[in-house]
Amino acid sequence: MRSFSSQNKIKPWMFLSVFGIVALILWNTNILFQILKEEERVKMELWATAQQELIQNTDLSKDYGVLAFDVLQKIGVTPMIRVNSSGYIKGFKNIEWDVSKDKDSLELYNLLNQFKRENSSIPIQYKNIVNQTLFYGDSELLKKLQYYPLVLLLILSLFTTVLFFFFQTSRISEQNRLWAGMAKETAHQIGTPLSSLMGWITLLKEQNIAPASLDEMEKDVNRLTVITERFSKVGSLPELENSDVIEATKEAVAYLKKRSSQLIEWSVDLPEEVIKIPINIPLYSWTLENLIKNAIDAMKGKGVLTIKVSHSAQIVSILVSDSGQGIAPKNIKRIFNPGFTTKKRGWGLGLSLVKRIIVEYHKGTVSVLKSELGKGSTFQIRLKK
């Protein structure tokens, strides 16, 4: 229990730490993005100024004119388009474009509209000679930086998913160890008085006291022995042996039938032949008894209970049907979950144990074959031969 509690304490801190780190990275990425965007803006304004100065200094022999020309040629890789006062494209730079194409093509204007959405324009004006506008788009570096937070969030999502499954698996594993420990301790505690009861029965037999009563007492003691064996097997991999599933079913039904309400009408349909399959008889009987007890509870001790076994070349099918209250459709997928119960009393462990024994230990299946509110339910177990 200590390790499980520690995990519950660590888990929120780990998630908060991860989200804090990611938030810090995203915040710094946004700052970096804004800084680079502002620097590109400054470069474009410088380019526009150089364009304006070059227009004013047509004599390129002057140093100032050469400097402006140099700025125009080497100011970076930001894509840009110049348009005149009428909105027609007059030139572009850092755009992959076939010069043989018409520069006023629809594709180039679509690119211009994209630039208008990305950044505000920069005017290039000189007296009444030039009246142009510069539009520019984000550089490749800025575009990659825009996608960086999405990639980071994807990585965070994957990390969170892995972390969730890790803790979920750890929690389930811890619960399984807890239940296994409780079951083994229960078996140990039952063992001591059980041995004493066996001794008393032997003593009573020697004194010839009510043999019929002693027989029933012995059956109950044997029953306690079986229950102890079942609990001792929880948490460990049981051994499967080729055993007669029909005989095991008969014994489980016979024991419960004798100790159930007289208002239960039993209908047992079992094949006459011997059907041997790999099973663990104590655990199989436990499974069948859980289903039968649930059926009796669903009928509130009065109704028709049907147990039917059929088989094919590879599968043995065991059906347990009742005429009880049925299962609500919303609960059918949840009834095998540990802790789920619709009863006022109960731990909600019976059907989860049924599923574990049949699916995990016997590699079979267990399901609600059909259920109708007010008319009853049918559970089906399928085991491989």
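The values are calculated or read from the model by the stated rules, or taken from the named source; none is laboratory data. This is a predicted model, so every value here is computed, not measured. Cβ: placed from backbone, ideal geometry, glycine included. Neighbour counts: every protein chain shown. In case anyone asks, the SASA skips ligands and DNA or RNA and just uses the protein heavy atoms, side chains included. Shrake-Rupley method; radii C 1.70, N 1.55, O 1.52, S 1.80 Å.
Give VAL221, VAL245 a once-over and let me know the one that is over 43 Å from the mean Cα position of the chain (by Cα), open to solvent by less than 50 Å² (accessible area, probe 1.4 Å), hydrophobic (A, V, I, L, M, F, W, C) and at pLDDT 75 or above.
Going through VAL221, VAL245 in turn, just one is over 43 Å from the mean Cα position of the chain (by Cα), open to solvent by less than 50 Å² (accessible area, probe 1.4 Å), hydrophobic (A, V, I, L, M, F, W, C) and at pLDDT 75 or above: VAL221.
Within the set of pairs 6 or more residues apart or between chains, which connect a residue that is open to solvent by 100 Å² or more (accessible area, probe 1.4 Å) inside segment 139-164 to a residue that is of a type in the set (A, V, I, L, M) and part of a helix (DSSP H, G or I) with Cβ atoms less than 8 Å apart?
LEU141/LEU36
What number goes with the only condition from (1) at pLDDT below 70; (2) outside any loop (DSSP other than H, G, I, E, B); (3) in contact with a helix residue (DSSP H, G or I) (Cβ under 7 Å, 6 or more places away or on another chain) that LEU60 does not pass?
Going through the list (1) at pLDDT below 70; (2) outside any loop (DSSP other than H, G, I, E, B); (3) in contact with a helix residue (DSSP H, G or I) (Cβ under 7 Å, 6 or more places away or on another chain), LEU60 breaks only (2).
Would you mind telling me which numbered condition in (1) within 30 Å of SER312 (Cβ to Cβ); (2) at pLDDT below 85 GLU229 fails?
Going through the list (1) within 30 Å of SER312 (Cβ to Cβ); (2) at pLDDT below 85, GLU229 breaks only (1).
Taking the residues in segment 1-13 that are surrounded by 12 or more Cβ atoms within 10 Å (Cβ to Cβ) and either at pLDDT 80 or above or not polar (S, T, N, Q) (or both) as candidates, determine which candidate is farthest from the chain's Cα centre (by Cα).
Out of the qualifying residues, it is PHE4.
Can you find, within segment 362-380, the residue that is nearest to SER317 (Cα to Cα) among those that are under 29 Å from the mean Cα position of the chain (by Cα) and either part of a loop (DSSP other than H, G, I, E, B) or of a type in the set (Lys, Arg) (or both)?
GLY364
Would you pick out the residues in segment 251-288 that are loosely packed, with under 14 Cβ neighbours inside 10 Å and in contact with a Gly (Cβ under 8 Å, 6 or more places away or on another chain)?
Passing the criteria: SER261, LEU263, GLU265.
Restricting to segment 348-361, name every residue that is in a loop (DSSP other than H, G, I, E, B) and open to solvent by less than 20 Å² (accessible area, probe 1.4 Å).
Residue satisfying the conditions is GLY348 alone.
If you take the residues of segment 293-322 that are among the basic types (Lys, Arg) and not in a strand (DSSP E or B), which of them is surrounded by the fewest Cβ atoms within 10 Å (Cβ to Cβ)?
Filtering first and then ranking leaves LYS300.
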